[in-house]
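The values are calculated or read from the model by the stated rules, or taken from the named source; none is laboratory data. All values derive from a computational prediction rather than experimental measurement. Heads up, the Cβs are rebuilt from the backbone with ideal geometry, glycines too, and the neighbour counts pull from every protein chain shown.
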Amino acid sequence: MDFELMINSFPKLLNAAAVTLKLLSVSLIIGLFIGLLFAILRLNKNVFINKFAYGYSYIFRGTPLLVQIFIIYFGLGQIESLRSSFLWVILKEPYWCAIIAFALNTGAYTSEILRSAFQTIKPGIIEAGQSLGISSKIIFYKIQIPIAIRQSLPAYGNEIILMMKGTSLASTVTLMDLTGVAKYIISTTFKPIEVFIVAGGIYLFMTFVIHNIIKFLEKKYSFN
Amino acid sequence: MMNIFKKTIFSVLLSLLVIGNVNADKIRIGTEGAYPPWNSKDESGKLIGFEVELAYTLCRYIGQQCTIVEQDWDGMIPALIMRKFDAIMAGMSITAERQKAISFSQGYADEVASLAVMKGSSLEGLDTPAGINLTKPNAAAKKALKTLTAALAGKTVCVQTATIHQNFLDSGDVGKVNVRTYKTQDEVNLDLASGRCDAALAAAVAFSDYAEKSGKPVVLTGPTFSGGAFGNGVGVGIRKDDTELLKKFNAAINKARKNGDISRIATKWFGFDASM
């Protein structure tokens, strides 16, 4: 065990963890909007809209995240007409390719989490609102959405942690996130065990923090 | 029940031991299988290339059987140290940095590095000598580095991770360039062709091989590099405590060179004699 290497690489890895957190937070925010939109589409009575939303979540939950990143980064880069379009400004950058892949992936899972949360809302609650003469729009925004978000907190917390670990795949498209920098240090020191232990420790700490934030929110918004 | 369980574990462990012994007198050689024409795979997934053929030739001279093991490039040296195989033949240049971790046999082939760009790039046709040696750079080499520093300023240059090419760009010899690292040379080639990289740096043959097979207008530019961060030829990587195997490989390379085997195999795969 080369403890000196572990201590020396710690600040570099900590800096890289900031990149990981940035990737995570940006894709979670975009993914949450996508998830909410598609959860609502899933509840739509129109068969086509419903199937479209189901197809989206089916594809993105049914294929590996690594494959999705590779298709968006290396795959789309092969299309000549795309490279000469304005979209290339975004798709040229590995950062945005990673964000798009992560956001679409987490959006698919989030839509499922929120859909099941909407469906578990007891009809009595909505009926209570209706009997007070509240419009269905307000019932949706002020009653259904808050309850759904509360219901989905535990599952969504898991999704955040899964996504945090998923961001390590950003290193496969040249991004210098926590895993990317760890690999870089290994490429010059040839000591994977030491470096990956430190990197793993940082991931574990981030999980610990996220887990506790979710636990706190669950308690704060508990129904009891 | 417990007894059966114990027996199963015992027999599995025993069989592992036996398998281990069968393999004991076989030399396991690690290669990447993704760096043509040095080493790559054919359509059926079989390992082929200059080093695969050379490895079997060297093993014949050593008089021992060999198996060739595939290993990702970025884990090559750690895998050797952890005894996943006994020798590396993967287009690995002999550099001072790597020699801190492992030993090398004498060089068996020369790897010449070069920058590559897409046809029509502003980096095409740089005013530099044909080749520069960085071990003791002369005036012309120093001037070439200056030309490159000016040309590459702010440009994105792509390389495979953990390579001499990455080391060179990180060394600052050509100033501050935006270095992007990839797991394989294939991915470097893809991003060079897509235009995400302004230039790429690797073995010159890796680019000509890609240009030929893909039909993409990839052209070499600037000088070819050798010496310094680029090391002194490609050798067999061996664990430091494995001095016996190192001697065997050195003797085998001597014999293969004398009999013209290395030249013959190199010419077959590179189209020119890259042996040394």
>> Restricting to region B:141-200, give me the number of residues that are of a type in the set (Lys, Arg) and either within 19 Å of the chain's Cα centre (by Cα) or closer than 19 Å to B:Glu32 by Cα (or both).
In response: 2
> Does region A:160-190 hold any residues that are of a type in the set (Val, Ile, Thr), touching a residue at least 12 places away in the same chain (Cβ under 8 Å), within 14 Å of another protein chain (Cβ to nearest Cβ) and surrounded by 21 or more Cβ atoms within 10 Å (Cβ to Cβ), and which are they?
Replying inline: A:Val173, A:Thr174, A:Thr179, A:Val181, A:Ile185
> What is the number of the single condition among (1) over 28 Å from B:Tyr182 (Cβ atoms); (2) modelled with pLDDT under 95 that A:Lys191 does not meet?
Replying inline: (1)
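Yes or no, residue by residue, for (1) touching a residue at least 60 places away in the same chain (Cβ under 8 Å); (2) among the aromatic types (Phe, Trp, Tyr); (3) farther than 24 Å from B:Gly260 by Cβ:
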residue	(1), (2), (3)
B:Lys26	no, no, yes
B:Pro37	yes, no, no
B:Phe50	yes, yes, no
B:Leu58	yes, no, no
B:Ile62	yes, no, no
B:Thr67	no, no, yes
B:Trp73	yes, yes, yes
B:Ala79	no, no, yes
> Of all the residues that make up region B:153-206, how many are out of contact with any Pro (no Cβ under 9 Å at 6 or more places or on another chain), at the interface with chain A (Cβ under 8 Å from one of its Cβ atoms) and assigned to a loop (DSSP other than H, G, I, E, B)?
Replying inline: 4
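Residue by residue, here is whether (1) at pLDDT 95 or above; (2) outside any helix (DSSP H, G or I) holds:
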site	(1), (2)
A:Val19	yes, no
A:Leu23	yes, no
A:Ile40	no, no
A:Asn44	no, yes
A:Ala53	yes, no
A:Ile59	yes, no
A:Val67	yes, no
A:Phe70	yes, no
A:Ser81	no, no
>> Against the condition in contact with an Asp or Glu (Cβ under 8 Å, 6 or more places away or on another chain) and modelled with pLDDT of 95 or more, how does B:Val157 come out, does it pass?
In response: yes
> Residue check, B:Lys84 against (1) part of a helix (DSSP H, G or I); (2) within 14 Å of another protein chain (Cβ to nearest Cβ), all met but one. Which one?
Replying inline: (1)
>> From the list B:Ser93, B:Ser105, B:Ser44, exactly one residue is away from every other protein chain (no Cβ under 13 Å) and without any contact (Cβ under 8 Å) to a residue 24 or more places away in the chain. Which is it?
In response: B:Ser44
> Given the structure, is A:Ser85 surrounded by fewer than 20 Cβ atoms within 10 Å (Cβ to Cβ) and outside any helix (DSSP H, G or I)?
Replying inline: yes
> Given the structure, is B:Ala200 of a type in the set (A, V, I, L, M, F, W, C), in contact (Cβ under 8 Å) with a residue 40 or more places away in the chain and under 30 Å from B:Tyr61 (Cα atoms)?
Replying inline: no
